[in-house]
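Since the structure comes first, as structure tokens, the remarks are kept for the end.
No lab work stands behind these numbers, since they all come straight from the coordinates. Since this is a predicted model, take the numbers as computed values, not measurements. Backbone-built Cβ (ideal geometry, glycine too); neighbour counts: all protein chains shown.
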Amino acid sequence: MPMMNDQLNTGDECVVNSDDGCDLIVGIYPLSNYFFSSKPPPPPAAAVKDETLADRALRLKSKYEDVHGMRNSVEAVILVELFKHPHVLLLQSKNCIYKLPGGRLRPGESDVNGLKRKLLSKLSADDDSHRTDWEVGECIGTWWKSDFETLPYPYMPSSGKIPKECTKLYLVKLPSNQDFIVPKNFKLLAVPICQLHENRKTYGSIIAGIPQLLSRFSINMIPS
């Protein structure tokens, strides 16, 4: 589990000095610093908001056959502090499926640009004057699928099949305050990392693996 420090209040996102054995320091702010509201969902959301996992597998398989290529996705790990404990922000759809903010990359799009685009769509206002300039940090994990129906693995599958899907997780730093504008077909939840740990049944393999990915970081909880 991540080390937590509520005394070190430098405000730095991370201090990287792996040669000296120092930890990566991630600064997080209280959930109460942020304002949350909603916006209408984008038109395509109406068609997929209530799909099951089996429906999603069929949809992705159809798209893969149409474009003849692997699906590349990027997702954001965004941390806040609540009750002196780090929480991860998750999107919950109406069918109770939990997701990290993010989504599929466009052809030729970089990971960082694609993730910023998805965060603007999922968590920011639509008008340019109120859009957030998201600060995307390092990639903390990569997951692979050999088939759309199978569970993701944190390594390249050894089945001999060409991977069908690759998902990368990036740490995204929040400023001390910010507005979150979420489409109405989603709920934005702050879930404690202790609740995610190995809870694959509820959150799936990728989200349940986040506490382990964060174990090499020291969490600096910055007071209001």
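As an exercise, find the ratio Rg/Rh for segment 69-144 from alpha-carbon atoms, using the Kirkwood inverse-distance average for Rh. Let's see the in-between values first.
On the way: Rg = 13.6 Å, Rh = 13.9 Å.
In segment 69-144, Rg relative to Rh is 0.98.
Would you work out the relative contact order for segment 92-212, in percent, from Cα pairs under 8 angstrom that are 6 or more residues apart? Each step should come with its number before you reach the end.
Working: 161 pairs, mean separation 29.3, N = 121.
In percent, rounded to a whole number, it is 24.
Using the alpha carbon gyration tensor of segment 160-213, what are the three equivalent-ellipsoid semi-axes (square root of 5 times each eigenvalue), largest first, in whole Å? Don't jump to the answer; show the numbers that get you there.
Numbers: eigenvalues 123, 54, 38 Å².
Here the semi-axes work out to 25, 16, 14 Å.
Ranking Met221, Met70 by Cβ neighbours within 10 Å, fewest first, what do you get?
Values: Met221 22, Met70 13.
Fewest to most other Cβ atoms nearby, the residues stand as Met70, Met221.
So for Phe180, Phe35, fewest C-beta neighbours within 10 Å to most, what's the order? Write down the numbers at each step before the final one.
Values: Phe180 19, Phe35 10.
The order, fewest Cβ neighbours first, is Phe35, Phe180.
Along segment 186-203, what does the Karplus equation 6.51 cos²θ - 1.76 cosθ + 1.60 (θ = phi - 60°) give for ³J(HN,Hα), rounded to whole Hz, x for Gly and Pro?
10, 10, 9, 10, 9, 10, x, 5, 5, 6, 7, 3, 6, 8, 5, 4, 8, 10
Under the rule a/c < 1.5 gives rounded, and otherwise a/b versus b/c splits prolate from oblate, where does segment 66-224 land using the Cα gyration tensor?
Values: a/c = 1.71, a/b = 1.27, b/c = 1.35.
Since a/c reaches 1.5 but b/c is at least a/b, the shape of segment 66-224 is classed as oblate.
With respect to the cross-link table entries Lys39/Lys84; Lys99/Lys184; Lys39/Lys164, which display a Cα-Cα separation exceeding 25 Å?
Working: Lys39/Lys84 30 Å; Lys99/Lys184 15 Å; Lys39/Lys164 32 Å.
Beyond 25 Å between Cα atoms: Lys39/Lys84; Lys39/Lys164.
Cut-off is 10 Å between beta-carbons; in what order do Leu151, Leu123 appear when sorted fewest neighbours first?
Values: Leu151 12, Leu123 24.
Starting with the residue having the fewest Cβ neighbours, the order is Leu151, Leu123.
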